[in-house]
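The values are calculated or read from the model by the stated rules, or taken from the named source; none is laboratory data. Source: prediction; values computed, not measured. Here Cβ is always computed from backbone atoms with ideal geometry, including for glycine, and neighbour counts include all displayed protein chains. Note: accessible area is taken over every heavy atom of the protein model, side chains too, but ligands, DNA and RNA are not part of it. Shrake-Rupley method; radii C 1.70, N 1.55, O 1.52, S 1.80 Å.
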Amino acid sequence: MVTSWKLGLIVLGALAVPVLDNLAGGAMRIQDVSAALTLGLLLALPVEFAARAAYRRRVRRYEEEARRLRAEAERLHDRQRSLEAELRRRKELLRLARIREAEAQRLLRQQERAARRMSWETGLEGSRSARKAEFSPDARAMDGASPAGFEEMVRRLLERDGLQAEVVGGRGDQAVDVLAVDAANRTLAVQCKHTTRGRRVGSEVLYRINGTAGPVYGAAQSMVVTNGSFTRDAAAWGKRHGILLVDREALLSWAQDADHVCRIVALTPPY
């Protein structure tokens with residue numbers, strides 16, 4: 001639109017003629033002023049119309065440009081949403097692929113472990129006669145042994161089954177009589193309790209070895225072996241604290257029948 005200052009310039013320009021004529025000595029009449037104003041307005045109207053038309057054209061161009069920019073922004077926004085959705089989809093696919101890969105590896109490890117266990121179990125049965133020939137004391141030999149002799153029997157049984165074992169019992173042994181190390185370099189602390197007349201081993205024996213096996217000897221596992229039995233409280237306490245218990249029945253199967261120690265108690269087999 002034409003601004004007021006532009007319209008004022010047009011009007012002043014129209015009035016300039018009678019004013020200059022008056023200054024030149026002529027008399028300025030009201031008719032001259034009215035005619036000048038009319039002329040100024042007539043001159044202003046085309047300019048006003050042209051300015052309005054130009055303004056409308058600019059407004060249309062601005063509106064079209066704004067619509068184009070809005071459409072472009074919406075297109076870019078849609079593209080961004082599409083890319084974000086694709087990114088989320090690919091992340092989910094990657095997560096599922098990793099889960100499937102981890103599951104496949106877990107199953108593969110289980111299969112390999114099962115195959116090794118089967119091979120180990122087969123080997124155990126095949127070597128039972130050799131173990132029995134190597135060392136398999138019977139009940140009479142174990143019951144008639146001295147406490148020190150009983151500790152030596154347990155050591156030899158562990159070595160027969162592939163562990164490295166030594167007797168550490170005696171004064172100041174801190175509740176551990178035999179230390180053994182398996183093929184995986186794990187230490188087993190063993191307390192040997194030789195009894196007479198089928199006496200039962202109580203919980204206090206388990207308390208002592210549980211307190212010294214790890215802190216004193218660095219053992220990952222502790223075990224108590226007896227040619228007698230365990231009280232009900234001792235059996236429950238040992239199970240609760242992960243102490244391996246070998247009573248008379250298990251000992252006879254281990255020694256006399258030449259079964260492997262990893263099948264007598266829940267020791268991890270060396271495979």
Scan the range 163-207 residue by residue and report those that are of a type in the set (S, T, N, Q) and on the phi > 0 side of the Ramachandran plot.
Gln174, Asn185
Subset of the range 166-195, residues more than 15 Å from Ala220 (Cα to Cα) and touching a strand residue (DSSP E or B) at 6+ places or on another chain (Cβ under 8 Å), comes to Glu166, Val167, Val168, Gly169, Ala175, Asp177, Cys192, Lys193, His194, Thr195
Matching residues, the range 66-116, being open to solvent by less than 80 Å² (accessible area, probe 1.4 Å) and among the aliphatic types (A, V, I, L, M):
Ala66, Ala71, Ala73, Ala85, Leu96, Ala97, Ala102, Ala104, Leu107, Ala114, Ala115
Just checking: which of the helices (runs of 4 or more DSSP H) contained wholly in the range 203-271 hold 1 or more residues that are of a type outside the set (D, E, K, R), open to solvent by less than 10 Å² (accessible area, probe 1.4 Å) and over 23 Å from Ser129 (Cα atoms)?
203-217, 232-241
Look at the range 148-200 and say how many of its residues are open to solvent by 70 Å² or more (accessible area, probe 1.4 Å) and either part of a strand (DSSP E or B) or modelled with pLDDT under 90 (or both).
11
Select from the range 221-271 the residues that are of a type in the set (Phe, Trp, Tyr) and in contact (Cβ under 8 Å) with a residue 60 or more places away in the chain and list them in ascending order.
Trp254, Tyr271
Residue in the range 117-127 that is over 23 Å from Ala250 (Cβ atoms), touching a residue at least 40 places away in the same chain (Cβ under 8 Å) and surrounded by 10 or more Cβ atoms within 10 Å (Cβ to Cβ) present:
yes
